[in-house]
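First comes the structure, then the notes that go with it.
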Amino acid sequence: MPQTSPVAAPQQQAPFGASPATGPTPNKGFEAAAAQRLGLVIKQLEELIPMAGATSEIGKACLDALNKLVKYVPAGSVNPAQQKNQIESMAQKNAQQNQQMQALKQQRMQGGQGGGAEGGGQPPGQQAA
């Protein structure tokens, strides 16, 4: 009795044109910016450990995160000028978001006083008592 090999099922391929000709390429500039920010995060985590205590739950979590993250950023890769620039950028974004929140809060307050159709503070379909 001769042995026959099982017939392999044909592999299904995506229809022509369904996949891109090339895969996505990483943006090296974004990767460098991410590595720089990660360096700042690492520095902040290092500052948190003495505050929380290395044996506390928070301290242990910080140490665990540091052990995982330091392999992506070489030591000394963040200089004081980069740190200053990042802090200023974060402060500027925070100020912009604060202005937007204040404007939204003011719109809500004005809408609640007038009792008009715009933002009167009442859910749709409910009457004020």
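Values in this text are rule-based calculations from the coordinates and carry no lab data. Keep in mind that what you see is a predicted model, and the values were worked out from it rather than measured. Cβ atoms come from the backbone with ideal geometry, glycine included; neighbour counts cover every protein chain shown.
Packing here is the average count of other Cβ atoms within 10 Å per residue, and on that basis the peptides 58-68, 22-32, highest first, run 58-68, 22-32. When you work out D = kT/(6 pi eta Rh) for region 48-97 at 37 °C and 0.692 mPa s, using the Kirkwood radius from C-alpha pairs as Rh and the Stokes-Einstein form, the result is 252 µm²/s.
With 0.36 nm allotted per residue and the present C-alpha distance subtracted, the residue 71-residue 33 stretch has 12.1 nm of extension available. Rounded to the nearest whole Hz, the Karplus-based 3J(HN,Hα) values (6.51 cos²θ - 1.76 cosθ + 1.60, θ = phi - 60°) of region 42-51 follow the sequence 4, 4, 5, 4, 5, 6, 6, 4, x, 5, with x at glycine and proline.
Judged by the mean number of other Cβ atoms found within 10 Å, the most tightly packed of the peptides 78-86, 36-44 leads the ranking 36-44, 78-86.
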